[in-house]
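Asker: Have a look at this one before I ask anything.
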Amino acid sequence: MVTDMNDISRASASLGASLSRMQNLPAVDNGVQVIARLDALLINFANFEQRVAGRFDEVNRNIADVALRFSASDFNNVARLENSRLVTTRQSVLSPLRTPLNENVEDFPATFEQLENLNAVNINRLLTTYGLPTNGKVDDRRRRLRKHLGLHLLN
């Protein structure tokens, strides 16, 4: 019987050690570690999703900007073509160009005469609006503006 008691004692000690380690098993600790890892993955995924959504927003803004610029460019090409076919008299009506952001230009000269009568400040304003340099003499700047508008004069 003593031998049986010794066996029981050793088995009890072994069982006690095993039981204390069992709390780390996922099936026993209700998967706390697994759930913690899954929570961390969900947070990482949510952060990644936000970054991707931000990138898509940025790409969509860039596409919209390019579309706007293409629209302005198309409009301006038609206006230049119309202006290039003018028989330039003082009362010839000009087709206005738009800004690179497809906006109408304030105080655009309606006729060739108005364009020719612009002062240096207004010529510079129009050149700046169209992203053209404002250096040189007034006559050079006026020629630059005419060329940009599609007006081809023989002088």
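The values are calculated or read from the model by the stated rules, or taken from the named source; none is laboratory data. From a predicted model like this one, the values you see are computed outputs, not experimental measurements. Quick reminder, even Gly has a Cβ in these numbers, built from the backbone with ideal geometry, and neighbours come from all protein chains shown. In case anyone asks, the SASA skips ligands and DNA or RNA and just uses the protein heavy atoms, side chains included. Shrake-Rupley method; radii C 1.70, N 1.55, O 1.52, S 1.80 Å.
Asker: Pick out, in residue order, every one of the trypsin sites (Lys or Arg not before Pro) in the range 92-155 that is DSSP loop and has at most 15 other C-beta atoms within 10 Å; say none if there are none.
Answerer: Here the trypsin sites (Lys or Arg not before Pro) that fit, given the DSSP loop and packing criteria, are K137.
Asker: Sum up the charges of everything whose Cβ sits under 12 Å from the Cβ of G136, counting Lys and Arg as +1 and Asp and Glu as -1, but leave G136 out.
Answerer: On the way: positive: K137, R141, R142, R143, R144; negative: D139, D140.
Its environment carries a net charge of +3.
Asker: Run the quick spin-label model on R90 and A17: label points 7 Å from Cα toward the beta carbon, then report their separation in nm to one decimal.
Answerer: 11.4 nm
Asker: Give the Kirkwood hydrodynamic radius (Å, one decimal) of the range 86-155, defined as one over the mean of 1/r across all pairs of different Cα atoms.
Answerer: Working: mean 1/r = 0.0811 Å⁻¹.
Radius from the Kirkwood sum: 12.3 Å.
Asker: How much of the accessible area of the range 1-147, probe 1.4 Å, is carbon plus sulfur, in whole percent? Let's see the in-between values first.
Answerer: Values: 6270 of 10870 Å².
Carbon and sulfur together cover 58 percent of it.
Asker: Then there is this: Assuming 1.002 mPa s and 20 °C, estimate D for the range 43-125 with Stokes-Einstein, Rh taken as the Kirkwood radius over Cα pairs, in µm²/s. Please list the in-between numbers first.
Answerer: Working: Rh = 15.8 Å.
In µm²/s, the coefficient is 135.
Asker: Continuing with the same structure: Might you report the magnitude of the Cβ-based charge dipole of the chain about its Cα centre, with Lys and Arg at +1 and Asp and Glu at -1, to the nearest 20 debye?
Answerer: Values: 19 positive and 17 negative charges, 217 e Å.
That gives a dipole near 1040 debye.
Asker: Scan the range 102-155 for GluC sites (Glu not before Pro) in coil per DSSP, keeping those whose Cβ has at most 13 other Cβ atoms within 10 Å, and list them by number. Don't skip to the answer; put the middle values down first.
Answerer: Values: sites: E103, E106, E113, E116; in loops: E103, E106.
Within the range 102-155, the qualifying GluC sites (Glu not before Pro) (loop, at most 13 other Cβ atoms within 10 Å) are E103, E106.
Asker: So how far, in whole Å, is the C-alpha centre of the range 91-155 from the one of the range 34-76?
Answerer: So the two Cα centres are separated by 39 Å.
Asker: Students often get this wrong, so try it: which of [x] 130, 27, 23; [y] 45, 37, 24; [z] 43, 34, 27 is Cα extents along the principal axes in Å as calculated from the structure shown?
Answerer: The listed entry that was calculated here is [x].
Asker: Then there is this: Given R₀ = 25 Å, FRET efficiency for A64-L132 by Cβ-Cβ distance, to 0.05?
Answerer: On the way: r = 25 Å, r/R0 = 1.00.
Efficiency computed from Cβ-Cβ geometry: 0.50.
Asker: Compute the helix-to-body angle for 120-129: its Cα long axis versus the longest principal axis of the chain, expressed 0 to 90° and rounded to tens.
Answerer: Long axis of 120-129 versus the principal axis of the chain: about 30 degrees.
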